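Participant: Got a structure for you, questions after.
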Amino acid sequence: MKTILYMVVAGLLFFFVIKISKDLIPSDNELQGWAKSQIQEDIAVFEKNHKITSRNIDYAYKDLLKDKNNLLLRFQIFDGKLYSNYQEIDRSNDLLVKSYRVFYKFFTAMLSTMSDDVNADFIISVGDDLHIGDDYVFKAPIISGVRNKNKAYAKFLPLAPDHYTISDWSRLYNDILSSNERYKWSDKISKAFWRGAASSGVYTRSEWQYAPRVKLVDLSVEHPSLLDARFTELEMAQSDPNAMRSISEKYPLAVALTQVDHIKYKIQISMEGFGVSLPGYLWRLLSNSAVLKLQSGSVQWFYPILKEGVHYIPLSYDMTDTIDKIKWCLAHDAESKKIGEDGGRLIEKEITPNHLYLYWSGLLKEYSKLMDKSASATLPSAQDIEQ
């Protein structure tokens with residue numbers, strides 16, 4: 001009898017130990033604590049000031065679209081169904097069409113796991129920034145993949161995974177992790193590496209030399225043994241053609257390479273163009289290479305988990321410390337390896353492909369709590385945009 005009793009007690013203890021252990025291990029089906037905090041912080045301004053109404057959403061959407069440079073999508077989720085502004089999408093705008101198709105498929109898949117009590121009417125900005133004055137009065141949130149924390153209106157832009165990351169992250173996540181097994185630190189090339197487009201905001205004939213990406217490529221010319229940085233294409237949008245011609249003459253274009261080709265190098269450089277590199281910063285962090293990150297006011301949803309000097313090394317925006325930081329990495333091989341590995345482990349654990357669904361679902365769940373309960377669908381049922 002005692003033997004049976006001991007077995008029962010032992011079994012119960014084993015059950016509770018296993019249950020507690022599982023509770024302590026973050027599940028890929030649960031949103032992480034830092035992400036919940038980020039979401040709460042992002043919507044706090046509307047929680048304090050006023051509820052979100054479809055009337056205000058409608059006003060903000062129409063008002064912001066008065067400037068054609070504002071690229072916006074509008075979706076509604078009510079009673080488990082998806083509605084959208086697909087009928088109004090400018091089919092000649094490739095960015096709008098691509099982003100809509102990505103979000104449409106993403107939200108359609110997400111709805112299968114979302115409870116029917118999540119009702120939300122929301123706007124997504126898919127451009128690099130909003131074209132508004134600092135004194136613009138926000139009547140509704142504008143969800144964005146990136147925001148400039150130095151802008152006065154930053155608090156009105158809740159962050160969420162962007163359509164570039166949603167589209168590519170599952171492939172990149174698996175490709176980079178697979179390649180990490182193939183390219184160990186000892187096999188990597190001891191040099192800093194970067195490839196990308198010549199997009200650093202508005203280039204003009206008199207100021208193009210001061211753009212961070214141009215400075216980086218120029219540093220590569222001066223220090224070829226430390227840095228290999230080349231342009232793979234010219235970005236003509238918002239730029240002076242004469243300036244772009246000068247850049248192409250001084251810096252011949254290189255062949256574009258895959259992300260896997262990048263991680264053969266010990267040092268990766270994450271630069272910004274018109275905005276942050278999407279999802280360039282994420283896959284570079286995942287690569288187990290030491291990442292040098294250009295510092296600016298731009299932030300993304302996952303920035304709260306990153307620690308300077310632990311997961312990445314900051315670069316000043318004027319690029320004056322770039323060569324010194326590269327030299328430090330090469331002279332401190334063990335420390336650089338640890339920074340690369342710590343960054344890689346962090347992203348592998350926290351930003352899985354499923355995390356993108358969890359984050360958007362978590363954001364819309366909290367967002368819906370602030371929606372006017374009388375709100376209902378006013379847009380047509382969401383449909384895919386024809387090819």
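Participant: Here is a list: GLY343, GLY309. Which entry is on the phi > 0 side of the Ramachandran plot, of a type outside the set (D, E, K, R) and free of Cβ contacts under 8 Å to residues at least 60 places away in the same chain?
Facilitator: Answer to the selection: GLY309.
Participant: Can you find a residue in region 236-250 that is under 30 Å from GLY340 (Cβ atoms), at pLDDT 70 or above and surrounded by 14 or more Cβ atoms within 10 Å (Cβ to Cβ)?
Facilitator: No, region 236-250 has no match at all.
Participant: Right, next: For the list (1) assigned by TED's automatic domain parsing to the domain that holds LYS266; (2) farther than 30 Å from SER84 by Cβ; (3) without any contact (Cβ under 8 Å) to a residue 24 or more places away in the chain, I need the number of the one condition that ARG171 fails.
Facilitator: (2)
Participant: Tally the residues that are in contact (Cβ under 8 Å) with a residue 24 or more places away in the chain, part of a helix (DSSP H, G or I) and more than 16 Å from SER144 (Cα to Cα), restricting the search to region 31-43.
Facilitator: Residues that pass the stated criteria total 3.
This table checks each residue for (1) out of contact with any strand residue (DSSP E or B) (no Cβ under 7 Å at 6 or more places or on another chain); (2) at pLDDT 95 or above; (3) surrounded by 17 or more Cβ atoms within 10 Å (Cβ to Cβ).
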{"site": "ILE142", "(1), (2), (3)": "no, yes, yes"}
{"site": "ARG147", "(1), (2), (3)": "no, no, yes"}
{"site": "ALA152", "(1), (2), (3)": "yes, no, no"}
{"site": "PRO161", "(1), (2), (3)": "yes, yes, yes"}
{"site": "SER167", "(1), (2), (3)": "yes, yes, yes"}
{"site": "ARG171", "(1), (2), (3)": "yes, yes, no"}
{"site": "ASP175", "(1), (2), (3)": "yes, yes, yes"}
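Participant: I need the helices (runs of 4 or more DSSP H) fully contained in region 318-375, keeping only those with at least 3 residues that are assigned by TED's automatic domain parsing to the domain that holds ILE123 and closer than 30 Å to ASN56 by Cα.
Facilitator: 353-369
Participant: So which residues in region 192-214 are at pLDDT 65 or above and buried (at least 18 other Cβ atoms within 10 Å of the Cβ), if there are any at all?
Facilitator: Across region 192-214, the qualifying residues are ALA192, PHE193, TRP194, ARG195, GLY196, ALA198, SER199, ALA211, PRO212, ARG213, VAL214.
Participant: Let me ask something additional. For region 58-116, what are the residues that are in a strand (DSSP E or B), under 19 Å from TYR357 (Cβ atoms) and of a type outside the set (Val, Ile, Thr)?
Facilitator: LEU73, PHE75, GLN76, LYS81, LEU82, SER84
Participant: If you go through region 279-309, how many residues are surrounded by fewer than 20 Cβ atoms within 10 Å (Cβ to Cβ) and touching a helix residue (DSSP H, G or I) at 6+ places or on another chain (Cβ under 6 Å)?
Facilitator: Count: 2.
The values are calculated or read from the model by the stated rules, or taken from the named source; none is laboratory data. From a predicted model like this one, the values you see are computed outputs, not experimental measurements. Backbone-built Cβ (ideal geometry, glycine too); neighbour counts: all protein chains shown.
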